[in-house]
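Scroll down for the structure; my scribbles are underneath it.
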Amino acid sequence: MPHLLPDRPQTRRLLAALVLAAASIGVGNPVAAAHAEHEGYLPEHQGYLPVADVVEISGFLDPVLVGMMADTLESLDPSETVAIVFQVDSTASVVPDSEIVRVARLIAESEVTVSFWIGPSGARATGPIAQLVILGDDIGIAPGARIGLFGDPIQGVAEFWTPSATDALADLRDATVGYDEAIRRGIARPAPVLLEQLAGVPGFEVVTVAGEDGDTVQPVTTTRFRQLDVIDQFFHTVASPAVTYLLLLIGMGLLLFELYTAGVGIAGAIGAGCFLLSTYGLGVLPARGWALALLVVAMLAYAIDVQAGVPRLWSVVGTVTLVAGSVFLFDGPSFSWITLLVGVIGTVMAMVGGMPTMVRTRFSTPTIGRGWMVGETGSAVERLAPNGTVTVREAVWRARTNRATPLEPGDEIRVVAVDGLWLEVEPIQGAARDYRSRDGGS
């Protein structure tokens with residue numbers, strides 16, 4: 001269900017503009033103030049407060065955003081809602097054209113005024129969202145915003161365009177126009193802030209209030225903000241190219257790190273979570289399979305030199321495949337060069353510098369492969385048949401039993417040997433000999 005209160009930064013700033021406008025005349029409720037100072041101004045509205053919905057469309061058009069647009073349009077009640085305003089800042093789509101056509105049909109057939117505001121400053125409306133914008137009954141644009149790059153008309157969407165819109169946009173398939181040009185062409189009207197966009201929407205009512213600093217325009221129509229719920233917002237964020245890419249690198253890096261730790265730690269759990277979330281993004285976004293394979297090869301190449309403890313040829317191979325896989329990971333929508341640098345440089349530093357140092361440090365201490373652990377006792381965390389995990393001195397370790405009989409959770413064990421990253425254990429009950437007498441090769 002959409003929320004009525006804004007949560008995202010841009011929406012909060014826009015709502016703050018409305019609040020500040022009300023504060024400028026010393027009241028907390030513009031509607032109540034307007035009626036208080038202009039008693040009887042709109043008597044026909046007694047007992048009725050019309051509503052204008054504002055919906056923020058930010059980021060790529062993915063299944064979450066398109067679903068929200070469709071659900072909102074389908075749920076509009078003409079007896080309650082005078083208009084719906086889509087606040088747009090979107091540059092690409094990752095959904096099938098059929099979903100765009102569905103939204104276009106809902107816009108064209110809506111009994112409620114559908115308005116689009118390309119704002120605030122710096123916002124963009126390009127690609128499929130731009131083809132939806134020009135279907136609106138009312139279009140506004142903020143200074144610094146741009147519209148265009150329509151691309152080829154989507155079959156099923158262009159049929160709803162008016163002849164004037166088709167003529168005005170004929171040369172914008174591969175170009176964009178800004179504030180002044182969009183107004184000159186008649187594509188949009190000036191709307192520097194959301195309040196001005198709302199004030200220009202048919203059916204949205206305002207009053208002019210006299211003040212010491214001059215007249216101010218105050219809204220009478222109630223504004224209601226709709227947005228994604230927490231879960232939908234989370235998955236919308238995960239499905240952005242930059243987040244998906246970084247989650248993928250972090251997930252694979254932490255899983256590789258877990259292979260070189262003797263215990264079962266939090267790094268593995270976090271890495272698995274990041275990797276699983278990245279698969280959702282990869283499923284939504286147009287990812288290239290061969291580029292994804294290059295990133296996997298890069299991690300395997302780094303793993304070889306991490307095992308050796310010294311960066312060599314495989315680190316070079318890993319870096320080359322990492323850069324190539326990163327650059328070509330997505331077909332169409334991609335991420336900024338800043339994200340690319342963060343991903344590549346961070347991964348190279350971790351794999352070439354950090355992880356080999358960590359592995360050398362662990363193997364140079366008496367924690368692994370030293371006689372002090374032989375003879376230590378603990379308990380099985382999970383069933384060992386023959387592999388599993390055990391606790392020794394309150395630390396979790398990978399272990400295998402040297403007996404044919406499996407060990408059950410809670411069984412007491414004794415360490416009899418250390419083999420690389422694994423502990424070899426036996427049950428205390430029925431042990432053949434006391435391995436505390438061993439020197440363990442120390």
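Some notes on this structure:
- Within the range 204-217, the set of residues being buried (at least 16 other Cβ atoms within 10 Å of the Cβ) and either part of a loop (DSSP other than H, G, I, E, B) or under 36 Å from the mean Cα position of the chain (by Cα) (or both) comprises F204, E205.
- The single residue among E394, E382 that is within 44 Å of the chain's Cα centre (by Cα), surrounded by fewer than 20 Cβ atoms within 10 Å (Cβ to Cβ) and on the phi < 0 side of the Ramachandran plot turns out to be E382.
- Residue within the range 335-354 that is modelled with pLDDT under 90, touching a strand residue (DSSP E or B) at 6+ places or on another chain (Cβ under 9 Å) and surrounded by fewer than 15 Cβ atoms within 10 Å (Cβ to Cβ) present: no
- L282 being farther than 30 Å from L423 by Cα and part of a helix (DSSP H, G or I): yes
- Residues of the range 118-136 classified as under 23 Å from the mean Cα position of the chain (by Cα), among the small types (G, A, S) and either over 21 Å from D174 (Cα atoms) or part of a loop (DSSP other than H, G, I, E, B) (or both), total: 5
- Listed conditions (1) buried (at least 18 other Cβ atoms within 10 Å of the Cβ); (2) outside any loop (DSSP other than H, G, I, E, B); (3) not polar (S, T, N, Q) are all met by R105, apart from (1).
- Of the candidates S115, S79, the single residue that is without any contact (Cβ under 8 Å) to a residue 24 or more places away in the chain and either crowded, with 23+ Cβ neighbours inside 10 Å or more than 13 Å from R226 (Cβ to Cβ) (or both) is S79.
- Among the residues listed as I139, I154, the single one being in contact (Cβ under 8 Å) with a residue 24 or more places away in the chain, assigned by TED's automatic domain parsing to the domain that holds P120, touching a helix residue (DSSP H, G or I) at 6+ places or on another chain (Cβ under 9 Å) and part of a loop (DSSP other than H, G, I, E, B): I154
- Any chance L249 is closer than 14 Å to A350 by Cβ and at pLDDT 90 or above: yes
- Residues located in the range 30-59, provided they are modelled with pLDDT of 50 or more and in contact with a helix residue (DSSP H, G or I) (Cβ under 8 Å, 6 or more places away or on another chain): L49, A52, D53, V54, V55, E56, I57, S58, G59
- Residue selection: I270 satisfies the criterion of being free of Cβ contacts under 8 Å to residues at least 24 places away in the same chain and hydrophobic (A, V, I, L, M, F, W, C).
- Taking residues in the range 168-190 that are farther than 12 Å from A125 by Cβ, and partners anywhere that are of a type in the set (S, T, Y) and not in a loop (DSSP other than H, G, I, E, B), the pairs with Cβ atoms closer than 9 Å and at least 6 places apart or on different chains are G186/S164; P190/Y179.
- Scanning the range 60-117 for residues that are of a type outside the set (A, V, I, L, M), within 27 Å of the chain's Cα centre (by Cα) and over 23 Å from G148 (Cα atoms) turns up G67, D71, T72, E74, S75.
- Which listed residue, of V230, V243, is surrounded by fewer than 20 Cβ atoms within 10 Å (Cβ to Cβ), without any contact (Cβ under 8 Å) to a residue 40 or more places away in the chain and in contact with a helix residue (DSSP H, G or I) (Cβ under 7 Å, 6 or more places away or on another chain): V243
The values are calculated or read from the model by the stated rules, or taken from the named source; none is laboratory data. Note that the coordinates shown come from a computational prediction; the quantities given were computed from them, not determined experimentally. Virtual Cβ from ideal backbone geometry, glycine too; neighbours counted across all protein chains shown.
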